[in-house]
Amino acid sequence: HTTVDTSGYSGWDTLEKIAEFTDLFLFDIKMMDDEMHQKYTGVSNKMILENLEKLNRKGKKCWVRIPIIPDVNFSTTHFEQIIQYLSKLENPVELICLLPFHNIAAHKYRKLGIDYAFEGQNSLDKKQLEPIKSLFESNGFTVKIGG
């Protein structure tokens, strides 16, 4: 069994080649709003979403992973946009993984002398994601909190 964990930010020709040998894609959706995506990741999400759509049309099994960061993408509107987008795909997404923000890497950034954009931000508790889990489930998705 072969699994690929991807942000989806890749040329389709590359993704298509590995899709032939891949049983499952762990595919990140960080933000639906392209401007916000560019602000926080440095790249547009257009190619990412197009790649997810292409994998979906090919019938590839995908688990959509949503990293949730307070004050960035932790809003009902954001999750409703994802639900609307995923609901329009030809094939159902097998699983949604809600990934709560954690600040485990903060000390690594400090050791390297690099500014940590989320310094002082508290980790999210899994219980805080229960309403979001319920929102996805009420729209027909299977949801797991955590990796």
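The values are calculated or read from the model by the stated rules, or taken from the named source; none is laboratory data. These figures come from a predicted structure and were not determined experimentally. For neighbour counting, all protein chains shown are included, and Cβ atoms are generated from backbone atoms with ideal geometry for every residue, glycine included. Just so you know, the surface numbers come from the protein's heavy atoms only, side chains and all, with ligands and any DNA or RNA stripped out. Shrake-Rupley method; radii C 1.70, N 1.55, O 1.52, S 1.80 Å.
Against the numbered list (1) open to solvent by 30 Å² or more (accessible area, probe 1.4 Å); (2) touching a strand residue (DSSP E or B) at 6+ places or on another chain (Cβ under 9 Å); (3) closer than 30 Å to T2 by Cβ, K54 comes up short only at (2).
Taking the criterion of being part of a helix (DSSP H, G or I) and under 21 Å from L26 (Cβ atoms), the residues of the stretch 117-134 that qualify are K126, L129, I132, K133. For the stretch 12-45, which residues satisfy the criterion of being among the small types (G, A, S) and touching a residue at least 24 places away in the same chain (Cβ under 8 Å)? Once the filter is applied, which keeps residues that are among the small types (G, A, S) and touching a residue at least 24 places away in the same chain (Cβ under 8 Å), the stretch 12-45 yields only A19. The set of residues from the stretch 130-147 being within 16 Å of L86 (Cβ to Cβ) and touching a Lys or Arg at 6+ places or on another chain (Cβ under 8 Å) comprises just one member, V143. Considering the stretch 8-41, and only residues there that are open to solvent by less than 50 Å² (accessible area, probe 1.4 Å), in a loop (DSSP other than H, G, I, E, B) and not hydrophobic (A, V, I, L, M, F, W, C), the residue that is nearest to I66 (Cα to Cα) turns out to be G8. If you go through the stretch 57-73 and keep only what is open to solvent by 70 Å² or more (accessible area, probe 1.4 Å) and touching a strand residue (DSSP E or B) at 6+ places or on another chain (Cβ under 6 Å), you end up with just K61. Filter the stretch 81-119 down to residues that are within 21 Å of N45 (Cα to Cα) and of a type in the set (G, A, S) and give me whichever is least open to solvent (accessible area, probe 1.4 Å). Among residues in the stretch 81-119 that are within 21 Å of N45 (Cα to Cα) and of a type in the set (G, A, S), the one least open to solvent (accessible area, probe 1.4 Å) is S87.
Candidates I83, I96, I114, I104: the one that is of a type in the set (V, I, T) and part of a strand (DSSP E or B) is I96. Each residue in the stretch 112-147 was checked for being among the β-branched types (V, I, T) and at pLDDT below 95, and 1 pass.
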